[in-house]
Amino acid sequence: MELYRAILKRRSIRAFQQRRISAKALRHMVNAARLAPSAANLQPLEFLVVTAQTLSDQVFKQLKWAGYLAPKGTPKPGTEPVAYIIILVNKKKVSSAMLKRDEKAILFSFKVDRRDIGAAAENIMLFAQSRGIASCWLGAINKVGIRKIFGIPRHLEVDSVIALGYPKMVSKAAKFSGYVQYYLDSKGTLHVPKRPLNDVLHINKI
Ligand SMILES: Cc1cc2nc3c(=O)[nH]c(=O)nc-3n(C[C@H](O)[C@H](O)[C@H](O)COP(=O)(O)O)c2cc1C
């Protein structure tokens with residue numbers, strides 16, 4: 001799928017076919033995340049791919065879906081995600097030890113820049129979209145619960161989860177009429193209001 005089309009088509013999906021995603025596609029997703037831009041090139045992110053059914057079942061219980069639709073936005077039994085990528089921030093790796101020379105100008109940035117996470121997550125979701133694989137990025141998660149499932153050590157911060165699977169529902173960008181809440185129509189299609197281009201685009205002046 002052409003990149004611009006993938007960008008236009010990607011919507012958060014919350015009902016999935018129970019068809020497996022290939023290991024190769026999942027590796028490509030993490031590779032796409034690995035190569036995302038990173039502030040000061042610190043690359044603090046790591047990615048835990050979950051495909052095993054028993055683990056997926058446990059991860060599913062740690063997620064909160066679609067606040068505006070609750071409880072209707074939660075995947076129904078038999079439409080749960082088939083894989084997850086858990087985004088971890090390695091706090092140990094981010095230190096001046098990673099610099100060849102002391103560079104005062106750069107030292108100030110030895111903290112994780114959360115913008116790295118957005119760039120990596122979007123790379124994952126757009127690559128997935130290009131292969132027909134749908135996603136939902138979840139920040140409303142039980143981080144303690146996820147840490148316990150995998151025994152994740154303290155130096156790895158659990159940030160968020162990307163749920164994945166081939167889509168079993170339709171979601172479309174909708175005309176914005178002053179409200180941001182997404183809504184389901186009678187056919188179960190999700191409509192996601194997006195601010196119009198002319199509202200957000202400024203050229204040479206505000
Ligand atoms: C940082 C972040 C956290 C999100 N957390 C959740 C979440 O916990 N649960 C959920 O169902 N959707 C979550 N979403 C998905 C948003 O609801 C969704 O992106 C938004 O409604 C726009 O829809 P779209 O992705 O289809 O364009 C999150 C999105 C972002 C960017």
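The values are calculated or read from the model by the stated rules, or taken from the named source; none is laboratory data. Computed from a prediction, not measured in an experiment: that's the story for all the values here. Positions of Cβ are generated from backbone atoms using ideal geometry, with glycine treated the same way; all protein chains shown enter the neighbour counts.
General remarks:
- For the stretch 181-206, the set of residues classified as more than 12 Å from the ligand (Cβ to nearest atom), under 16 Å from Trp65 (Cα atoms) and hydrophobic (A, V, I, L, M, F, W, C) consists of Leu184 only.
- Residue, nearest to the chain's Cα centre (by Cα), within the stretch 162-198, restricted to residues that are of a type in the set (Gly, Ala, Ser) and not in a strand (DSSP E or B): Gly188
- Given (1) more than 13 Å from the ligand (Cβ to nearest atom); (2) surrounded by fewer than 17 Cβ atoms within 10 Å (Cβ to Cβ); (3) in contact (Cβ under 8 Å) with a residue 24 or more places away in the chain; (4) of a type outside the set (Gly, Ala, Ser), index of the condition Lys172 fails: (1)
- Screening the stretch 1-22 for residues that are of a type in the set (A, V, I, L, M) and more than 26 Å from Lys64 (Cα to Cα) and picking the one that is nearest to the chain's Cα centre (by Cα) gives Leu3.
- Per the conditions (1) farther than 26 Å from Tyr4 by Cβ; (2) over 17 Å from the mean Cα position of the chain (by Cα); (3) within 14 Å of the ligand (Cβ to nearest atom), the sole criterion not satisfied by Ile146 is (2).
- Flag if Ser177 is polar (S, T, N, Q), buried (at least 16 other Cβ atoms within 10 Å of the Cβ) and within 30 Å of Leu3 (Cα to Cα): no
- For the stretch 68-99, a residue qualifies if it is within 12 Å of the ligand (Cβ to nearest atom), under 19 Å from Met125 (Cβ atoms) and either of a type in the set (Gly, Ala, Ser) or surrounded by fewer than 18 Cβ atoms within 10 Å (Cβ to Cβ) (or both), and exactly one does: Gly73.
- Within the stretch 105-134, tally of residues that are surrounded by 15 or more Cβ atoms within 10 Å (Cβ to Cβ), at pLDDT 95 or above and not in a helix (DSSP H, G or I): 3
- Number of the condition not met by Asp159 [criteria: (1) assigned to a strand (DSSP E or B); (2) more than 25 Å from Val50 (Cα to Cα)]: (2)
- Residue satisfying condition, being more than 16 Å from the ligand (Cβ to nearest atom) and surrounded by 19 or more Cβ atoms within 10 Å (Cβ to Cβ), within set Leu45, Leu55, Leu26, Leu35: Leu26
- The residue pairs whose first member lies in the stretch 119-140 and is assigned by TED's automatic domain parsing to the domain that holds Arg34 and touching a residue at least 24 places away in the same chain (Cβ under 8 Å), whose second member is within 8 Å of the ligand (Cβ to nearest atom) and among the charged types (D, E, K, R), and whose beta carbons are closer than 7 Å, counting only pairs six or more residues apart or on different chains, are Met125/Arg10; Leu126/Arg10; Gln129/Arg10; Cys136/Arg14; Ala140/Lys64.
- Exclusive hit being over 23 Å from Ile152 (Cα atoms) and surrounded by fewer than 18 Cβ atoms within 10 Å (Cβ to Cβ), set Arg14, Arg19: Arg19
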